[in-house]
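Everything below concerns the one structure shown next.
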Amino acid sequence: MSPPETAAAEKRPVALLLGPRLEALSGVSTHLSLLLRSRLADDFSLLHFQVGSEGRNEDRMARWARLLVSPFRLAAAVVASGAAIVHINTALNARAYWRDLAHMVVAKLCGARVLYQVHGGALPQVFLGTSRVLVAFLRATLQLPDAIVVLARAELAAFREFVPRQQVLALPNAVDCAPYARLARSHADADAPLRLLYIGRLAREKGLHETLQGLKLALVRGIRAELIVAGSGPEGAQLKRSAAQFSLGNDVVFVGPVSGEGRYTLLRWADASILASYAEGLPYALLESMAAGVPPIATRVGAIPDVVADGQHGLLIAPADPQAIARAILTLASDRKLLARMSEACRGRIANGYAIDRLARDFCRLYAEIYGAKKRVDAART
């Protein structure tokens with residue numbers, strides 16, 4: 001006879017969660033890791049199925065071979081595990097859409113229910129341009145999942161308009177607040193440099209070149225500020241050259257990727273974070289910094305305005321605007337009492353609306369609904 005714990009685990013319906021390698025430094029990897037460790041695992045047996053290029057070291061031929069084989073591997077995994085749900089974590093960009101369309105079709109053919117979670121990218125109205133054929137194709141494929149999950153209210157409205165007969169829900173990302181709540185905040189004196197922090201991928205679309213320009217403009221105006229950039233990516237070398245060109249060698253430090261205690265140390269150090277992206281879903285770097293009481297300077301993109309009330313939890317700016325970044329730095333450096341109020345407001349905002357227990361409950365209800373529908377269909381067929 002199986003032990004009680006084993007028997008209970010065997011009765012739980014299986015959900016395959018598709019996404020990048022869990023150790024990769026990406027928002028989707030963080031999302032998957034949090035779900036796999038959450039209370040969702042009490043009711044469903046959660047298995048990770050790796051897709052995507054994050055965390056892989058492969059040439060073009062190896063990548064194409066992986067893309068061709070991956071749908072067949074997924075079919076084998078669904079059959080072997082008896083998965084009732086396949087939870088696809090994707091984005092509405094060309095690479096992710098076409099890759100995960102194959103995964104979605106295979107999962108449906110294998111009899112699994114499909115949850116299609118979109119982590120940013122274009123809105124469906126503009127994704128494939130103005131071609132009527134391509135738009136009709138996209139609309140048809142977005143009818144295939146049993147539910148679509150998005151991160152932002154703007155995305156929710158757009159998807160519901162584009163596929164009105166599809167079930168579309170907004171389930172924002174969430175974090176485990178406990179380790180961030182333990183980080184003590186010590187606000188610097190008004191005459192101390194404003195300590196700014198960026199954690200994330202070093203890519204042009206993250207607005208880091210504008211961040212350096214904005215910092216330089218603030219320093220020229222007499223503001224004392226310093227910036228730590230933590231991460232790696234294709235723009236790393238160019239950003240270092242730009243920092244030198246702007247004579248920011250004493251004001252900007254590049255520390256490479258950080259995780260664990262290194263990440264907590266930087267969040268404890270920072271007065272404010274900066275995220276000047278051109279586009280986003282709902283970045284975990286934002287949620288983590290706010291949970292640690294570090295107010296953001298962030299662009300009004302994706303789900304960021306859903307989380308950050310301008311002037312209450314941080315400062316919102318337009319993308320690609322170094323002058324706006326400079327003004328935001330000036331505001332926070334000149335008003336440390338405002339910064340302290342924002343810090344407390346940030347922690348409350350995340351604890352009350354973006355904690356992992358809330359997200360686990362939301363997904364548990366959605367999984368149960370999808371699984372219940374599958375059981376009813378299977379029963380009708382027998």
When every residue in the range 249-303 that is under 18 Å from the mean Cα position of the chain (by Cα) and among the aromatic types (Phe, Trp, Tyr) is compared, the one surrounded by the most Cβ atoms within 10 Å (Cβ to Cβ) is 284
So, residue 361, is that one assigned by TED's automatic domain parsing to the domain that holds residue 227 and part of a helix (DSSP H, G or I) or not? no
How many residues does the range 143-162 contain that are more than 18 Å from residue 114 (Cβ to Cβ) and among the acidic types (Asp, Glu)? 2
Kindly provide the set of residues from the range 187-227 that are surrounded by fewer than 21 Cβ atoms within 10 Å (Cβ to Cβ), more than 21 Å from residue 334 (Cβ to Cβ) and touching a helix residue (DSSP H, G or I) at 6+ places or on another chain (Cβ under 7 Å), ordered by number. 209
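Conditions tested, residue by residue: (1) free of Cβ contacts under 8 Å to residues at least 40 places away in the same chain; (2) out of contact with any Pro (no Cβ under 9 Å at 6 or more places or on another chain).
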{"site": "19", "(1), (2)": "no, yes"}
{"site": "23", "(1), (2)": "yes, yes"}
{"site": "29", "(1), (2)": "yes, no"}
{"site": "41", "(1), (2)": "yes, yes"}
{"site": "52", "(1), (2)": "no, no"}
{"site": "65", "(1), (2)": "yes, yes"}
{"site": "74", "(1), (2)": "no, yes"}
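Yes/no per residue for (1) in contact with a Leu (Cβ under 8 Å, 6 or more places away or on another chain); (2) surrounded by 15 or more Cβ atoms within 10 Å (Cβ to Cβ); (3) under 27 Å from residue 263 (Cβ atoms); (4) among the β-branched types (Val, Ile, Thr):
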| site | (1), (2), (3), (4) |
| --- | --- |
| 53 | no, yes, yes, no |
| 67 | no, yes, no, no |
| 72 | no, no, no, no |
| 79 | no, no, no, yes |
| 88 | yes, yes, no, yes |
Of the residues in the range 256-273, how many are assigned to a helix (DSSP H, G or I) and of a type outside the set (S, T, N, Q)? 9
If I ask for residues that are out of contact with any helix residue (DSSP H, G or I) (no Cβ under 7 Å at 6 or more places or on another chain), modelled with pLDDT under 95 and in a loop (DSSP other than H, G, I, E, B), which ones from the range 110-130 would you list? 122, 129, 130
Output the qualifying pairs, or none if there are none: Cβ atoms under 7 angstrom, residues six or more apart or on different chains, first residue in the range 158-176 and within 18 Å of residue 363 (Cβ to Cβ), second residue among the β-branched types (Val, Ile, Thr) and in a helix (DSSP H, G or I). 174/356; 175/350; 175/356; 176/356
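Residue-by-condition table, conditions (1) touching a helix residue (DSSP H, G or I) at 6+ places or on another chain (Cβ under 9 Å); (2) on the phi > 0 side of the Ramachandran plot; (3) modelled with pLDDT of 95 or more:
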| residue | (1), (2), (3) |
| --- | --- |
| 183 | yes, no, no |
| 231 | yes, yes, no |
| 252 | yes, no, yes |
| 255 | yes, no, yes |
| 260 | no, yes, no |
Restrict the check to the range 275-284 and report whether at least one residue is touching a Ser or Thr at 6+ places or on another chain (Cβ under 9 Å) and part of a helix (DSSP H, G or I). yes
Total residues in the range 286-305, condition at pLDDT 95 or above and closer than 18 Å to residue 175 by Cα: 13
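Quick one: which of 117, 143 is touching a residue at least 12 places away in the same chain (Cβ under 8 Å) and surrounded by fewer than 16 Cβ atoms within 10 Å (Cβ to Cβ)? Talk me through it step by step, then tell me what you get.
Values: 117 fails: surrounded by fewer than 16 Cβ atoms within 10 Å (Cβ to Cβ).
Just one listed residue meets the conditions, 143.
The values are calculated or read from the model by the stated rules, or taken from the named source; none is laboratory data. Keep in mind that what you see is a predicted model, and the values were worked out from it rather than measured. Glycine also receives a Cβ, built like all others from the backbone with ideal geometry; neighbour counts cover every protein chain displayed.
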